[in-house]
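Heads up, the thing below is written out as structure tokens.
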Amino acid sequence: MKGLATAKLTLIGAIAAFAIWAFLVSLEIKVEPADAWRLNWLIRAIAGGIVLCGLGFIGVLLWQNRLLARTHDRLRALTEDLRAAKNAAEAASQTKSQFLANMSHELRTPLNAVIGFSQIIADELVGPIGTPAYRDYARDILGSGQHMLDLVNDILTMATLDAGAYDGLLAPLDLHETVLRTVAMFRGSKLAFERVITLAPDKPWPWIAADQRALRQMLLNLLSNAAKFSAPQTPIEIACHTSAAGEVVLTITDHGIGMTAEETAEVIRPFHQVHSGFARKYEGSGLGLSIVAGLIAHHRGRLVIDSKPGIGSAISLIFPEALPAAEATPAPLAARVA
């Protein structure tokens, strides 16, 4: 920019000098022979000034051109570096996806075998165990295997969402029936032992377009969090309503430790955990709410957290709209019992 300004000033000076010379010539001043040499030197000086100004202007243009060429070369090199980094990132992402696809099989298959055989031993399905301690060991193996499988599933799901490769299929779902079945499934877990889980007796719940497996996982994650961060004697409440904008709002409320505004903003980050006495009793991957946020985004919805320390948390899944009555048809039997 400074070089361009200098070039402009040089050009203006040259034009001004030329204008003065032209003005003097146009006057046709008659001078005495004794003063003719002075006028001659004046004209030569003006002409020399014009030439110098022109040369200076050309020099500035050449310098500017060289500067632009260097800048262009740097930008081109930077572009090549960025393109190479982009290609490397895409290759790494593809490698990661392939690795996760392989791990999905390599990790889940042996874990399922461990869980299955430990279940057989713990329940003595083949026959009685001579030493009772072995049955207790088998139950410990079963619990550890199920816990490890849950962690593996969470990590793989989070990686799939992060890569934008989640392939859930949206279909008409009876929200009330899905919630009832998920709550019944959750009641079989240790976290739900002697817990009171209530469904608000509101008007009939709507049908929504959702992926059944994803909705079930979101509900299980939210129910697990509600049980994990609240005392066993406090209830967990589930309610549903339709907002003024036509959105379907499904809320799970607990009366536990709650969170501050800062913790609420951070809690959906992957692997983030709230540190408390309750949380340490049930260690996890810290992916629960991150997975919920990713799955609800897949449904074009959003996750809203309303929490206050010492009072509890109300976490809402907000779906974009309820299905019209004409589209609210039962899903195929295979999908309903999946």
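The values are calculated or read from the model by the stated rules, or taken from the named source; none is laboratory data. If you're wondering where the values come from, they're calculated on a predicted model, not measured in any experiment. As a convention, Cβ positions derive from the backbone with ideal geometry for all residues, glycine included, and neighbour counts pool all protein chains shown. All accessible areas refer to the heavy atoms of the entire protein, side chains included, with ligands and DNA or RNA removed. Shrake-Rupley method; radii C 1.70, N 1.55, O 1.52, S 1.80 Å.
The table below lists the values:
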item: When residues of segment 279-302 are limited to those that are over 16 Å from G258 (Cα atoms) and among the aliphatic types (A, V, I, L, M), the one modelled with the lowest pLDDT; result: L287
item: Some residue of segment 121-133 being under 22 Å from R302 (Cα atoms), hydrophobic (A, V, I, L, M, F, W, C), surrounded by 16 or more Cβ atoms within 10 Å (Cβ to Cβ) and touching a Leu at 6+ places or on another chain (Cβ under 7 Å); result: no
item: Pair list, Cβ < 7 Å and 6+ apart or interchain, from segment 59-76 residues that are of a type in the set (F, W, Y) and in a helix (DSSP H, G or I) to residues that are open to solvent by less than 100 Å² (accessible area, probe 1.4 Å) and at pLDDT below 90; result: W63/G3
item: Failed item, numbered, when R216 is tested on (1) without any contact (Cβ under 8 Å) to a residue 60 or more places away in the chain; (2) farther than 30 Å from S93 by Cα; result: (2)
item: Filter pass, T234 being β-branched (V, I, T), in a loop (DSSP other than H, G, I, E, B) and touching an Asp or Glu at 6+ places or on another chain (Cβ under 8 Å); result: yes
item: Residue that is surrounded by the most Cβ atoms within 10 Å (Cβ to Cβ) [pool: residues in segment 158-178 that are modelled with pLDDT of 80 or more and out of contact with any Phe, Trp or Tyr (no Cβ under 8 Å at 6 or more places or on another chain)]; result: T178
item: Options R216, R181: the member that is out of contact with any Phe, Trp or Tyr (no Cβ under 7 Å at 6 or more places or on another chain), more than 14 Å from V292 (Cα to Cα) and not β-branched (V, I, T); result: R181
